[in-house]
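To start, the structure under review is shown below, and the notes come after it.
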Amino acid sequence: MNNIVIIGSTGAIGAAFTRYYAGLDTSPAVYALSRSGVPADDARVTALPMDITDESSVAQAAAALEATPLHAVILATGVLHDNASLQPEKSLRDIDADNLARVFSINTVGPALVMKHFLPLLDRNNRALFCALSARVGSISDNRLGGWYAYRASMAALNMLIRTAAVEMKRRNPQAIILGLHPGTVDSALSRPFQRQVPDGKLFTADTAVARMAAVLEAAGTDDSGKCLAWDGREITP
């Protein structure tokens, strides 16, 4: 993979993906996209500004890369809480329309806009990947605990978008692989309030999670397109 785009490159997992691919001996060109567009401390990384919730921003970033055949686009964004007004709902009475819309804007609508503008840029002559970070709690069949209405629903919707885009891309670019990717529980701001519930050995550093997810991406084939895969390569049921 020669040209790799990391979206959400200033977050814990996005930054780890950027470090991982910039450090490969194959020296791919890495494009790090974030709202700030902060330059990385690595000459192999090109930083560009992009806000996934603003379609004009997404379109502008895609236009800057339209002459570059992309071999991987990794979307490492998402929101669960903000330690203030936005918290995972414990019951129906906690649902707030503004918070619900905000979670969907970042977790579902934003990725849809990214797919709209970046999937056409995937290389058509070689194997190319698009993956978006998803979550096991987006599985409808695996939901036995309830709660977390906005996050669960936004991730289930994201998984459907991924599946639907994979169907379309199979016709337009048969070598493209479109995936959802569950990183496990990563030691980050997103998971920090809930880490006491994580079993021993299941809380990963961002670098560990990314190394495992990169191995999953490396092994993925076109038959996997449309699936949501976990960090260990196992498919998460819809």
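What follows is calculated from the coordinates using simple rules that are stated; it is not laboratory data. Because the structure is a prediction, the values reported are computed rather than measured. Cβ coordinates were reconstructed from backbone atoms using ideal geometry, including for glycine residues, and neighbour counts include every protein chain displayed.
3J(HN,Hα) along segment 120-133: x, 8, 5, 3, 9, 9, 8, 4, 9, 10, 10, 9, 10, 4 Hz, from the Karplus curve 6.51 cos²θ - 1.76 cosθ + 1.60 with θ = phi - 60°, whole Hz, x for Gly and Pro.
Scalar couplings 3J(HN,Hα) for segment 214-219, obtained by applying the Karplus form with A = 6.51, B = -1.76, C = 1.60 to θ = phi - 60°, are 4, 5, 5, 4, 5, 8 Hz; x denotes Gly and Pro. Between Leu24 and Val38, the modelled label-to-label distance comes to 2.5 nm, taking each label 7 Å out from Cα in the direction of the beta carbon.
In the chain, a dipole from Cβ-located charges (positive for Lys and Arg, negative for Asp and Glu) runs towards its positive end, and of Asn159, Gln60, Gly23 it is Asn159 whose Cα lies farthest in that direction. The C-alpha atoms of the chain define a longest principal axis, and helix 149-172 lies at about 30 degrees to it. Modelled spin labels at Glu66 and Gln175, positioned 7 Å past Cα toward Cβ, are 2.2 nm from each other. The H on the amide N of Thr46, modeled in the peptide plane, is under 5 Å from the matching H of Val30, Tyr31, Ala32, each at least 5 residues off or on a different chain. Helix 12-22 and the longest principal axis of the Cα set of the chain meet at an angle near 20°. Expressed to the nearest 5 percent, the antiparallel share of DSSP beta bridges inside the chain is 5 percent. Based on Cα contacts under 8 Å between residues 6+ apart, the chain shows a relative contact order of 18 percent.
Using the Cβ-Cβ distance between Arg127 and Val167 with R0 = 22 Å, the FRET efficiency computed as 1/(1 + (r/R0)^6) comes to roughly 0.75.
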